[in-house]
């Protein structure tokens, strides 16, 4: 491989695997996943051989101490591990064992808000004269009413919560138990930067930053315009409580801190429906290394729509910046379910996997997508998600995408010896890791082949992206090229056989296909793609 390839940062070449710790593996039979459970499954993720899945990094959703009002996104101590998940020593061991296998570890950094049980907030709300009063966002209100119309999406009411002790309102945009910090306060900023340093000094390889575009608020407290939208659901245009221009300066400061350590990375959640806003958080290569592009989470099953979003993202990114893609995460329905269509569901899942893992950019996988885990319907009595409880039955909440990992066909799916915190999907006896790992034709085996092929193919790691079809309707066809090497990717998004005519597509041999043998020569002048065919040519 070229010296350029070796010089590229790990996060440009790697595949990052999101683990929701509560649901990955339980080691102590309490029904809740934990750090020692994750340690026990590291060889599954990457043991250095092609028998393992082959991911390069894991991103852990929050495992800090928390009252769990929002399942860890309400943090009461930034520099410890919640006993549900283990101890700080367990985390040390996880880092060591992951690094020994060449797996990077990314922590979730939730610094827009804390828990209302965090000592900082307890002190802040104790008195208007508290030294930490200005560490959070307080307002006297207007004649006993909130200062504006900012909305708490998880509670379907005002984001301003009246505190009886001081007779003022604090801001909490998620639940009332997640008060938002005041990033304009220098002492709060330094305290948060100390948190960031704490885990970097321990050896974590980077952060997934939660709700980056929410950090700073309008100082004039202006109302947001009301605006109903369904995908993603929202009631306002967030002009004044999010996306403030000053946020970019804060991101540059955090980036400078990360850059003072070697080979660390920042990927940020810019939750919005405007890819342009997300792209702005790359700055001039001096803010986030990666800003999440969530466009794929809301696309219909259509080659045309995916093509449009790929081209849009490529065109929006600042020069020299690196794209990223994801199909599922802990907040949205799993893509296997979104794109399910009876007996064609798994063929579609293979097309989706090939798209995610062959585009230019860093892929993020969500635990279990490699075996086709689907959303599970959660009965109202079993709901855990505070948003799901509040919005039932209008919206299903997020529990359905957070069910336990399906390892085998034993009781509780090999996740735990006890009843899990959420029920498993009923399909786990037939859809699980053990059953698929030994089947060369399984979805898991397909993911594994793609991941290891990607590692060995510089064009798929760092190659430029060029589309062969400028206005595709039924299929995608594109090329990845690097240092004279190229890989052509063709993806049929339909159940029909397609005759395609692409004169610029070079004749090649099969690298990987759902329908053809490896090494088979393909005459691209007379091409026919089978139903939902994936075809990679060298």
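Out of region 10-50, which residues are surrounded by fewer than 16 Cβ atoms within 10 Å (Cβ to Cβ), touching a residue at least 40 places away in the same chain (Cβ under 8 Å) and either on the phi > 0 side of the Ramachandran plot or not in a helix (DSSP H, G or I) (or both)?
Passing the criteria: 29, 30, 47, 48, 50.
What is the residue count in region 151-192 for residues that are in a loop (DSSP other than H, G, I, E, B) and either free of Cβ contacts under 8 Å to residues at least 40 places away in the same chain or over 13 Å from residue 124 (Cβ atoms) (or both)? Can you show your working first?
Applying the first criterion (in a loop (DSSP other than H, G, I, E, B)) to region 151-192 yields 153-156, 159, 164-167, 172-179, 182-185.
So of that shortlist, the ones also either free of Cβ contacts under 8 Å to residues at least 40 places away in the same chain or over 13 Å from residue 124 (Cβ atoms) (or both) come out as 153-156, 159, 164, 167, 173-178, 183-184.
Result for region 151-192: 15.
Quick one: in region 253-275, of everything that is without any contact (Cβ under 8 Å) to a residue 60 or more places away in the chain and touching a helix residue (DSSP H, G or I) at 6+ places or on another chain (Cβ under 6 Å), which residue is nearest to residue 111 (Cα to Cα)?
Looking at residues that are without any contact (Cβ under 8 Å) to a residue 60 or more places away in the chain and touching a helix residue (DSSP H, G or I) at 6+ places or on another chain (Cβ under 6 Å), I get 270.
Let me confirm something: among 334, 350, 380, which residue is free of Cβ contacts under 8 Å to residues at least 40 places away in the same chain and either in contact with a strand residue (DSSP E or B) (Cβ under 8 Å, 6 or more places away or on another chain) or surrounded by fewer than 17 Cβ atoms within 10 Å (Cβ to Cβ) (or both)?
Working: 334 fails: free of Cβ contacts under 8 Å to residues at least 40 places away in the same chain; 350 fails: free of Cβ contacts under 8 Å to residues at least 40 places away in the same chain.
That would be 380, the only listed residue that is free of Cβ contacts under 8 Å to residues at least 40 places away in the same chain and either in contact with a strand residue (DSSP E or B) (Cβ under 8 Å, 6 or more places away or on another chain) or surrounded by fewer than 17 Cβ atoms within 10 Å (Cβ to Cβ) (or both).
Against the definition (crowded, with 21+ Cβ neighbours inside 10 Å and either touching a helix residue (DSSP H, G or I) at 6+ places or on another chain (Cβ under 9 Å) or in a helix (DSSP H, G or I) (or both)), how does residue 407 come out, yes or no? Can you show your working first?
On the way: crowded, with 21+ Cβ neighbours inside 10 Å: yes; either touching a helix residue (DSSP H, G or I) at 6+ places or on another chain (Cβ under 9 Å) or in a helix (DSSP H, G or I) (or both): yes.
Taking the combined requirement at face value, the residue satisfies it.
I'd like the full set of residues that are under 12 Å from residue 498 (Cα atoms), free of Cβ contacts under 8 Å to residues at least 60 places away in the same chain and part of a loop (DSSP other than H, G, I, E, B), limited to region 514-532. Walk me through it before giving the result.
Initially, region 514-532 is screened for residues under 12 Å from residue 498 (Cα atoms), giving 526-532.
Restricting the remaining residues to those that are free of Cβ contacts under 8 Å to residues at least 60 places away in the same chain gives 526-530.
Result: 530, single match.
I need the full set of residues from region 93-118 which are in contact (Cβ under 8 Å) with a residue 40 or more places away in the chain and part of a helix (DSSP H, G or I), in order please. Outline the logic, then answer.
From region 93-118, those in contact (Cβ under 8 Å) with a residue 40 or more places away in the chain are 93-95, 97-99, 101-118; that's our starting set.
Within region 93-118, 93, 94, 95, 97, 98, 99 meet the criteria.
Name every residue in region 122-150 that is surrounded by 15 or more Cβ atoms within 10 Å (Cβ to Cβ), in a loop (DSSP other than H, G, I, E, B) and touching a strand residue (DSSP E or B) at 6+ places or on another chain (Cβ under 6 Å), in order of residue number.
Selection gives 137, 141, 146, 147.
Of the conditions (1) touching a helix residue (DSSP H, G or I) at 6+ places or on another chain (Cβ under 8 Å); (2) within 17 Å of residue 303 (Cβ to Cβ); (3) buried (at least 21 other Cβ atoms within 10 Å of the Cβ), residue 490 satisfies every one except a single condition; which number is it?
(1) is the only condition that residue 490 fails.
Touching a strand residue (DSSP E or B) at 6+ places or on another chain (Cβ under 7 Å) and either modelled with pLDDT of 95 or more or not assigned by TED's automatic domain parsing to the domain that holds residue 325 (or both): does that describe residue 266? I'd like the intermediate steps shown before the answer.
Working: touching a strand residue (DSSP E or B) at 6+ places or on another chain (Cβ under 7 Å): yes; either modelled with pLDDT of 95 or more or not assigned by TED's automatic domain parsing to the domain that holds residue 325 (or both): yes.
Against the criterion (touching a strand residue (DSSP E or B) at 6+ places or on another chain (Cβ under 7 Å) and either modelled with pLDDT of 95 or more or not assigned by TED's automatic domain parsing to the domain that holds residue 325 (or both)), residue 266 qualifies.
Kindly indicate whether residue 194 is more than 20 Å from residue 79 (Cβ to Cβ), surrounded by fewer than 22 Cβ atoms within 10 Å (Cβ to Cβ) and under 28 Å from the mean Cα position of the chain (by Cα). Can you show your working first?
On the way: more than 20 Å from residue 79 (Cβ to Cβ): no; surrounded by fewer than 22 Cβ atoms within 10 Å (Cβ to Cβ): yes; under 28 Å from the mean Cα position of the chain (by Cα): yes.
When the stated conditions are applied, residue 194 does not pass them.
Can you tell me how many residues in region 384-398 are outside any loop (DSSP other than H, G, I, E, B), under 22 Å from residue 32 (Cα atoms) and in contact (Cβ under 8 Å) with a residue 60 or more places away in the chain? Give the steps one after another, and end with the answer.
Kept after step one, since they are outside any loop (DSSP other than H, G, I, E, B), are these residues of region 384-398: 386-391.
In the following step, the residues that additionally are under 22 Å from residue 32 (Cα atoms) were identified as 386-389.
Filter once more, keeping what is in contact (Cβ under 8 Å) with a residue 60 or more places away in the chain: 386-387.
Total satisfying the criteria: 2.
If residue 90 passes every condition in (1) under 27 Å from residue 244 (Cα atoms); (2) touching a helix residue (DSSP H, G or I) at 6+ places or on another chain (Cβ under 6 Å); (3) touching a residue at least 40 places away in the same chain (Cβ under 8 Å) but one, which one does it miss?
For residue 90, the exception is condition (1).
Given the structure, is residue 307 at pLDDT 95 or above, in the same structural domain as residue 233 (by TED's automatic domain parsing) and not in a helix (DSSP H, G or I)?
Spelling it out, it is not the case that residue 307 is at pLDDT 95 or above, in the same structural domain as residue 233 (by TED's automatic domain parsing) and not in a helix (DSSP H, G or I).
If residue 300 satisfies all but one of (1) within 30 Å of residue 496 (Cα to Cα); (2) in a loop (DSSP other than H, G, I, E, B); (3) touching a residue at least 60 places away in the same chain (Cβ under 8 Å), what's the number of the condition it fails?
(3)
Quick one: would you say residue 480 is closer than 30 Å to residue 8 by Cα, surrounded by fewer than 19 Cβ atoms within 10 Å (Cβ to Cβ) and either in contact (Cβ under 8 Å) with a residue 24 or more places away in the chain or not assigned by TED's automatic domain parsing to the domain that holds residue 528 (or both)? Lay out the reasoning, then the answer.
Details: closer than 30 Å to residue 8 by Cα: yes; surrounded by fewer than 19 Cβ atoms within 10 Å (Cβ to Cβ): no; either in contact (Cβ under 8 Å) with a residue 24 or more places away in the chain or not assigned by TED's automatic domain parsing to the domain that holds residue 528 (or both): yes.
Here the answer is no, as residue 480 does not meet what is asked.
Name the one entry in 202, 209 that is at pLDDT 95 or above and surrounded by fewer than 19 Cβ atoms within 10 Å (Cβ to Cβ).
Working: 209 fails: surrounded by fewer than 19 Cβ atoms within 10 Å (Cβ to Cβ).
Answer to the check: 202.
Return the residues of region 150-172 that are in contact with a helix residue (DSSP H, G or I) (Cβ under 8 Å, 6 or more places away or on another chain), at pLDDT 95 or above and closer than 17 Å to residue 112 by Cβ; say none if nothing qualifies.
170
Would you call residue 510 out of contact with any strand residue (DSSP E or B) (no Cβ under 6 Å at 6 or more places or on another chain), outside any loop (DSSP other than H, G, I, E, B), closer than 18 Å to residue 359 by Cα and not assigned by TED's automatic domain parsing to the domain that holds residue 308? Step through it out loud before you land on a result.
On the way: out of contact with any strand residue (DSSP E or B) (no Cβ under 6 Å at 6 or more places or on another chain): yes; outside any loop (DSSP other than H, G, I, E, B): yes; closer than 18 Å to residue 359 by Cα: yes; not assigned by TED's automatic domain parsing to the domain that holds residue 308: yes.
It is true that residue 510 is out of contact with any strand residue (DSSP E or B) (no Cβ under 6 Å at 6 or more places or on another chain), outside any loop (DSSP other than H, G, I, E, B), closer than 18 Å to residue 359 by Cα and not assigned by TED's automatic domain parsing to the domain that holds residue 308.
Can you tell me which residue among 247, 211 is out of contact with any strand residue (DSSP E or B) (no Cβ under 9 Å at 6 or more places or on another chain) and within 20 Å of residue 273 (Cβ to Cβ)? Talk me through it step by step, then tell me what you get.
Numbers: 211 fails: out of contact with any strand residue (DSSP E or B) (no Cβ under 9 Å at 6 or more places or on another chain).
Only one candidate passes the filter, namely 247.
The values are calculated or read from the model by the stated rules, or taken from the named source; none is laboratory data. Here the structure is a predicted model, which means the values were calculated and not measured. Positions of Cβ are backbone-derived with ideal geometry, glycine not excepted, and every protein chain shown enters the neighbour counts.
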